[in-house]
1. How large is the accessible surface per residue of the chain, computed with a 1.4 Å probe and reported in Å² as a whole number?
2. Nearest-5 percent of antiparallel DSSP beta bridges in the chain?
3. Where in region 133-163 does the amide nitrogen come within less than 16 Å of the point 7 Å from the Cα of ARG213, taken along Cα to Cβ?
4. Could you give log10 I(q)/I(0) at q = 0.12, 0.16 Å⁻¹ for region 187-264, computed by the Debye formula over C-alpha point scatterers of equal weight, without solvent?
5. Which FRET efficiency value, to the nearest 0.05, is calculated for ARG255 and ASP222 with the Förster distance at 22 angstrom and r the Cβ-Cβ distance?
6. If we sort 53-61, 338-346, 387-395 on the protection proxy, mean other Cβ atoms within 10 Å, highest first, what's the order?
7. Please compute the length gained on full extension between ASP112 and ASN194, using 0.36 nm multiplied by the number of residues separating them and subtracting their Cα-Cα distance.
8. Return, for the Cα atoms of region 36-163, the radius of gyration and Dmax in Å, separated by a comma.
Amino acid sequence: MGKALIIGAGGVASVVVHKCCQNPDVFEEICIASRTVAKCDALKEKLQGGKTKITTAQVDADKTEEVIALIEKVKPDIVINVALPYQDLTIMDACLATKVDYLDTANYEPLDTAKFEYKWQWDYKERFEKAGITAVLGCGFDPGVTGVFSAYALKHQFDEIHTIDILDANAGDHGYPFATNFNPEINIREVTANGSYFEDGKFIETEPMEIKRVYNFPEIGDKDMYLLHHEELESLAINIPGIKRIRFFMTFSERYLTHLKVLENVGMTSIEPIEYEGHKIVPLQFLKAVLPDPASLGPRTKGKTNIGCIYTGIKDGKEKQYYIYNVCDHEECYKEVGSQAISYTTGVPAMIGAMMVLTKQWKKPGVYNVEEFNPDPFMDALNKFGLPWKETLTPELVD
Ligand code: NDP
């Protein structure tokens, strides 16, 4: 059916590549392109021989001209951006120049300010409309599946949704004293930022980790979780009509938070460049270099993740509660695709989102967040491609 250009060759990209190869009727051909071509070649080596044809290429996606040249050579039907958020705009520019559809899993963040928001990418809406191409933003798990869950809840479970609590639990244990489950730089920038939640039409800011709750997660048990700012709050606040409150909670162990506090206190999480023996280095980038590569956690991680959304609202004049979630097992993921569950839960939805565009089910000119599309075919595909969801009408609520 189509050809995808996958940019990036890290933890998430590896899962996207595996999953495209499991779906060769849709992904007849893929090109894996990244800064370090050896990583692309290693993926090709592992997966070639199946029905999906695989090629590789070197690209510096910070340079729009390089991405344009690559797209012109490969002629893909869609670009799946699973590099880093810093490359979102250069890749979107290249898609505009070549009129090719675009999908990513994380919103743009300038390298020098730890602030992520959609405004930069939403600014492309008119240009994508005029070019007749589709951009799907934030199509990992959170953001991504959390938006699809919300569209599904609104379509099938509620007349009005009043509150959404997004709960992201990782009960995995990799055996290291401290490591992050995806790109350490992006992860630490996210969790050391101020928290925020949406209530009564506005965002309320909190100190980092100021709001803590304990939640008894299905199939995982009691975990400490903390309120964070998260990308999908911004789009769901606009796209879910009548919404009164949206919060996002993520679990962290005491050990993780203690290490992070020390690293912060000694200045290792700073993104301000410092002078070191005649070189300028960014402490957080140096820290990334000494921490375990998230891709190396796969064989060591045991336990499960549980990510989902609790909704409250009204159906047929009555108050209703609804919790929908996915539980994913790190070891099962590793057995299937050689990655832990964090990369898995991000890579599977990215492949499904690209499939939605290639099969024209999510094809409309413009720039969209996932909750703006029909959730039904995506929900079916989650069950088919390794992220089955469960639901309950009697969840424990978060106070
Ligand atoms: P990794 O650091 O493992 O991989 C990033 C890849 O991008 C690497 O292969 C890297 O190349 C490549 N890359 C970086 N800069 C460039 C560039 N200028 N040009 C070309 N390639 C480049 O990250 P992850 O796989 O863990 O994460 C990928 C994305 O997924 C991130 O944007 C992250 O925020 C997002 N994510 C989204 C989640 C969600 O649920 N929505 C959850 C988790 C992650 P090199 O190997 O040379 O460094």
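1. Heavy-atom SASA per residue in the chain reads 41 Å².
2. Bridges in the chain are about 60 percent antiparallel.
3. Answer for region 133-163: 162-163.
4. Log10 I(q)/I(0), no solvent term: -0.38, -0.65.
5. Computed FRET efficiency for ARG255 and ASP222 comes out at 0.85.
6. So the peptides 53-61, 338-346, 387-395, ranked by packing, come out 338-346, 53-61, 387-395.
7. Here the answer is 27.9 nm.
8. 17.0, 51
The values are calculated or read from the model by the stated rules, or taken from the named source; none is laboratory data. Computed from a prediction, not measured in an experiment: that's the story for all the values here. Backbone-built Cβ (ideal geometry, glycine too); neighbour counts: all protein chains shown. Each accessible area value is taken on the protein alone, full model and side chains, heavy atoms only, with ligands, DNA and RNA left out. Shrake-Rupley method; radii C 1.70, N 1.55, O 1.52, S 1.80 Å.
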